[in-house]
Structure formats: C-alpha cells, structure tokens
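Chemist: Structure provided below as structure tokens; questions to follow.
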Amino acid sequence: MHRYCLIILLLSITLTATVYAAKNDIVWRGSGGWGAGLPYQQRFDPSRVEKISGTILSIERFSEELDMADGIRLKMQNRRVVETVHVGPLWFLERQDLALNAGDTVTVRGARVTHDKAGYLIASSLTKGRNTLLLRNRDGFPLWTGWRRD
C-alpha cells in the first residue's frame with residue numbers, strides 16, 4: 001500500500017510540473033539591446049535627420065554592441081559615395097512583407113551618426129518604390145518597441 005501511495009505522489013508531482021511548464025512556456029526576451037533608452041538608441045539625434053537615395057550594394061547582419069541582437073545594415077551607393085545605413089533589428093525586419101535585395105533603389109530618412117570613428121545613418125524610414133517602412137517616429141522612438149511611456 002505504501003508503494004502505491006508513493007507512485008501516486010510521484011505521478012501527481014510530475015503532472016503538476018508538466019501543467020505548470022505548459023502554462024509558462026513564453027520566454028520574454030526583451031529587445032536584445034534595440035529598445036528605447038538603451039545605449040544604441042540614444043545615438044539617434046532627431047535634429048540630424050537627412051534623406052538619401054541610392055542603390056543597395058549589400059545587405060548585412062551586424063551587432064553594434066556586445067550582447068546586442070543582430071541587426072540589418074545596408075551598404076548603399078549614393079551618387080559617388082558608399083553609405084552605411086543601420087535599418088533595425090533582424091527579428092523585426094525579417095517579419096516584414098517587403099523584401100530588400102542588392103540592386104534595389106531605395107530612399108532612406110535617418111539620423112547621421114559618428115561612433116567609434118565610423119559614420120553611418122540610423123534609419124527612421126525606408127522607401128522602396130511606393131512602399132515605405134516606418135522604423136521610428138519623428139523623435140527617434142523605435143516603432144518595434146511596443147511599450148510607450150506616458
């Protein structure tokens with residue numbers, strides 16, 4: 001009898017643990033360093049926004065900071081200059097319906113940044129043909145960040 005009680009107790013514990021794990025299977029990952037107010041986002045200066053147009057030469061994954069999730073950057077031919085454009089986090093961009101490819105002509109609005117002696121544009125919007133992907137509001141707040149401060 002004692003043995004059956006022990007088996008029932010162990011089965012109950014296992015079942016309870018399984019049900020608890022099933023209810024809590026969401027892993028909150030955060031922004032991976034791409035959230036508002038974090039060091040990378042603080043580089044965006046709305047007073048330094050400009051617009052450039054050109055042809056995409058390459059599309060690259062990058063990570064700007066240690067422990068920062070991968071992002072997408074473009075190398076663009078803008079007149080005679082090759083521009084680097086930081087578009088946004090990979091996890092956000094790979095879920096958009098409009099694909100970017102080398103050879104596409106695009107227009108980018110973004111803030112000019114110099115960091116660690118490298119110059120680049122942090123995009124606030126990207127237009128391809130008649131489609132525009134909004135990435136930041138006019139204050140530079142990233143639109144992939146769902147939470148807003150009151």
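Chemist: Which condition number does GLN96 fail, the rest of (1) within 15 Å of the chain's Cα centre (by Cα); (2) at pLDDT 95 or above being met?
Modeler: Among (1) within 15 Å of the chain's Cα centre (by Cα); (2) at pLDDT 95 or above, GLN96 violates only (2).
Chemist: Another one. Kindly indicate whether GLU65 is in contact (Cβ under 8 Å) with a residue 12 or more places away in the chain and not aliphatic (A, V, I, L, M). Show your work before the answer.
Modeler: On the way: in contact (Cβ under 8 Å) with a residue 12 or more places away in the chain: yes; not aliphatic (A, V, I, L, M): yes.
Taking the combined requirement at face value, the residue satisfies it.
Chemist: Condition first: under 19 Å from the mean Cα position of the chain (by Cα) and either on the phi > 0 side of the Ramachandran plot or outside any loop (DSSP other than H, G, I, E, B) (or both). Can you find one or more residues in region 47-54 that meet it?
Modeler: Pass one, region 47-54, residues under 19 Å from the mean Cα position of the chain (by Cα): none.
No, region 47-54 contains no residue that is under 19 Å from the mean Cα position of the chain (by Cα) and either on the phi > 0 side of the Ramachandran plot or outside any loop (DSSP other than H, G, I, E, B) (or both).
Residues are listed down the side, and each one gets a yes or a no for (1) in contact with a strand residue (DSSP E or B) (Cβ under 8 Å, 6 or more places away or on another chain); (2) among the β-branched types (Val, Ile, Thr); (3) free of Cβ contacts under 8 Å to residues at least 12 places away in the same chain; (4) closer than 18 Å to LEU126 by Cβ:
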| position | (1), (2), (3), (4) |
| --- | --- |
| LEU38 | no, no, yes, no |
| ASP45 | yes, no, no, no |
| SER58 | yes, no, no, yes |
| ARG73 | yes, no, no, yes |
| VAL87 | yes, yes, no, yes |
| GLY110 | yes, no, no, yes |
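Chemist: Go through the residues of region 31-40 one by one and say whether even a single one is of a type outside the set (Val, Ile, Thr), part of a loop (DSSP other than H, G, I, E, B) and closer than 30 Å to ARG80 by Cβ. Spell out the reasoning first.
Modeler: Taking region 31-40 first, the residues of a type outside the set (Val, Ile, Thr) are 31-40.
Restricting the remaining residues to those that are part of a loop (DSSP other than H, G, I, E, B) gives 31-40.
Within this subset, residues satisfying the condition of being closer than 30 Å to ARG80 by Cβ are 40.
Yes, some residue in region 31-40 is of a type outside the set (Val, Ile, Thr), part of a loop (DSSP other than H, G, I, E, B) and closer than 30 Å to ARG80 by Cβ.
The values are calculated or read from the model by the stated rules, or taken from the named source; none is laboratory data. Computed from a prediction, not measured in an experiment: that's the story for all the values here. All Cβ positions, glycine included, derive from the backbone under ideal geometry; neighbour counts span all protein chains shown.
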